[in-house]
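Q: Before we start, here is the structure in question, set down as structure tokens.
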Amino acid sequence: MTVRKHKSDLVILFSTIGLMALGLIIIYAIGPMRANVLNSTYGSDYDPNYFFLGQLRTVGLSLLAFFAAFKWIPYKYVKKYAKPLMILSLVLSALLWFLALIHNPLAKCELGECRWFQFGPVSFQPAELLKLAMVIYLADFLARKKEEGTIGKWQEFWLPLLIICGASLFLVVIAQGDLGTGVALISIIFSMLLVAGVPAKQYLIMVALVVAVAVGAVATSSHRMERIDAWLTTLSGGESTDSTYHVENAMLAIGTGGLAGVGIGNSVQATGYLPESINDSVFAIMGETFGFLGLFLILVIFATMLIRMLKVAEGTSDTENRLIVVGVFAWTLAQVVVNIMAMTSLIPVTGITLPLLSYGGTSMIFLAYAIGLVLQISCYTSREVTHNEDISSRGRLRGAHHTSRRRSS
């Protein structure tokens with residue numbers, strides 16, 4: 001086996017760009033409807049193209065972040081700042097919590113939860129930076145501990161890990177009330193721990209501990225218990241209530257789409273019936289617009305991209321690089337699975353965007369950067385040098401020698 005720089009994984013490259021393009025198409029179709037709903041309900045004055053232009057800017061910035069991570073910034077420079085990046089993301093999350101407590105206008109709140117900084121027309125969600133920081137920090141931390149042989153030891157390994165991960169989950173799930181991002185963080189953490197080789201007994205104890213804490217967090221939150229009750233009511237075919245409205249209309253949108261969909265611009269649910277039609281509910285709107293065939297294509301693209309990420313991780317000999325890829329894989333997979341299961345009533349509704357498709361800025365930009373890192377790593381995967389490649393290389397070398405002789409003669 002040899003490791004040489006070679007072409008990047010084109011499947012991941014084109015899958016990422018393709019999903020962004022599909023997101024632009026659906027936002028172009030339903031953006032004017034969303035603007036009309038907001039203008040009618042709240043008396044605002046959104047231009048019909050407001051959301052499409054916003055998504056276009058986001059895609060532009062995301063592609064910039066994507067190619068910066070893929071082509072322009074070597075990962076060796078990124079990992080130098082793993083710890084400062086983690087500290088910065090925690091500080092920003094804590095600052096947001098504090099500003100929300102004192103009702104500072106810099107903390108943007110919606111539906112009782114404060115998850116964004118608001119700087120004029122620009123908003124920023126620190127939890128998205130925290131996901132990226134968690135992947136980079138854990139890759140560096142776990143690789144070092146594995147090299148030192150201290151994985152599984154209390155003081156050297158578990159204590160610092162629990163402090164960082166515990167603080168992150170507290171600031172996201174408790175302080176910001178963002179269970180969806182909490183699920184993504186937990187997926188990142190446990191996937192990377194598994195690949196790092198944490199002892200099985202300790203790993204299972206940690207899983208049980210997190211499950212117990214998650215159950216407690218849900219049981220002590222009236223808002224989350226309402227969502228579970230609404231989910232159970234939907235599953236049992238009970239009477240419709242305000243709590244079941246979201247998931248019922250999501251399923252209605254998917255059902256209305258049938259096999260081939262109602263077509264671009266013909267969505268009914270996007271005219272105000274389905275909440276968060278351009279954000280968390282975009283999968284349902286795409287089902288209505290493109291039908292089962294369209295949703296199947298989207299699932300195939302996601303599945304192909306995720307499988308290729310696993311291939312990159314498998315072919316990476318460097319522990320830290322492998323952990324990076326696994327973390328990004330878990331991050332993407334968690335958001336895809338949770339969003340789609342929520343929209344199809346397989347789990348209670350929770351607020352989480354569909355990667356690269358939902359309207360939004362921070363989430364797409366940071367995930368695009370993370371996928372760019374995976375593409376950079378894909379250029380350095382191990383592979384067998386075949387006999388033909390070896391002969392070809394020798395042939396090129398002989399040709400070079402002959403050329404040099406002719407030039408020197």
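Q: Take the conditions surrounded by fewer than 24 Cβ atoms within 10 Å (Cβ to Cβ), farther than 21 Å from residue 41 by Cα, small (Gly, Ala, Ser) and touching a residue at least 24 places away in the same chain (Cβ under 8 Å) and apply them to residue 287. Does it pass?
A: In short, no.
Q: Condition first: surrounded by fewer than 22 Cβ atoms within 10 Å (Cβ to Cβ) and not hydrophobic (A, V, I, L, M, F, W, C). Now tell me which residues in the range 298-319 satisfy that.
A: 304, 308, 311, 314, 315, 317, 318, 319, listed by residue number.
Q: So, in the range 232-244, of the ones that are buried (at least 16 other Cβ atoms within 10 Å of the Cβ) and within 19 Å of residue 272 (Cβ to Cβ), which residue ends up modelled with the lowest pLDDT?
A: Of everything passing the filter in the range 232-244, 243 is modelled with the lowest pLDDT.
Q: Only one of these is in a helix (DSSP H, G or I), more than 30 Å from residue 143 (Cβ to Cβ) and among the aliphatic types (A, V, I, L, M): 285, 205. Name it.
A: 285
Q: When the residues of the range 80-109 are filtered to those that are basic (Lys, Arg) and under 25 Å from residue 182 (Cβ atoms), which remaining residue is modelled with the lowest pLDDT?
A: Once the filter is applied, the top-ranked residue is 108.
Q: Could you tell me which residue of the range 81-128 is nearest to residue 185 (Cα to Cα), considering only residues that are of a type in the set (Gly, Ala, Ser) and in contact with a Lys or Arg (Cβ under 7 Å, 6 or more places away or on another chain)?
A: 127
Q: Being touching a Phe, Trp or Tyr at 6+ places or on another chain (Cβ under 7 Å), in a helix (DSSP H, G or I) and surrounded by 14 or more Cβ atoms within 10 Å (Cβ to Cβ) narrows it down to one of 135, 59, 78, so name that one.
A: Residue meeting the stated conditions: 135.
Q: Being touching a Phe, Trp or Tyr at 6+ places or on another chain (Cβ under 9 Å), part of a loop (DSSP other than H, G, I, E, B) and within 30 Å of residue 74 (Cα to Cα) is the filter here, so list the residues in the range 5-51 that pass it.
A: 5, 6, 8
Q: Additional query: Being part of a helix (DSSP H, G or I) and aliphatic (A, V, I, L, M), is that true of even one residue in the range 145-152?
A: No: zero hits.
Q: Here's a follow-up. Give 96, 85 a once-over and let me know the one that is touching a Pro at 6+ places or on another chain (Cβ under 7 Å) and either in contact (Cβ under 8 Å) with a residue 12 or more places away in the chain or basic (Lys, Arg) (or both).
A: Only one candidate qualifies: 96.
Q: Considering (1) under 21 Å from the mean Cα position of the chain (by Cα); (2) crowded, with 16+ Cβ neighbours inside 10 Å, say which one residue 107 fails and leave the rest.
A: (1)
Q: Counting just the residues of the range 302-345 that are outside any helix (DSSP H, G or I) and closer than 30 Å to residue 253 by Cα, which one comes out modelled with the highest pLDDT?
A: The residue in question is 344.
Q: So, in the range 213-231, exactly how many residues are more than 25 Å from the chain's Cα centre (by Cα) and either more than 17 Å from residue 351 (Cβ to Cβ) or at pLDDT 80 or above (or both)?
A: Counting residues in the range 213-231 that are more than 25 Å from the chain's Cα centre (by Cα) and either more than 17 Å from residue 351 (Cβ to Cβ) or at pLDDT 80 or above (or both) gives 7.
Q: Then there is this: So how many residues does the range 221-273 have that are of a type in the set (Ser, Thr, Tyr) and touching a helix residue (DSSP H, G or I) at 6+ places or on another chain (Cβ under 8 Å)?
A: 9
Q: Go through the range 256-275 residue by residue and tally those that are free of Cβ contacts under 8 Å to residues at least 24 places away in the same chain and exposed (fewer than 14 other Cβ atoms within 10 Å of the Cβ).
A: 1
The values are calculated or read from the model by the stated rules, or taken from the named source; none is laboratory data. Everything numeric here is computed off the predicted structure, so don't read it as measured data. Don't worry about glycine lacking a Cβ; one is built from the backbone with ideal geometry, like all the others, and counts go over all protein chains shown.
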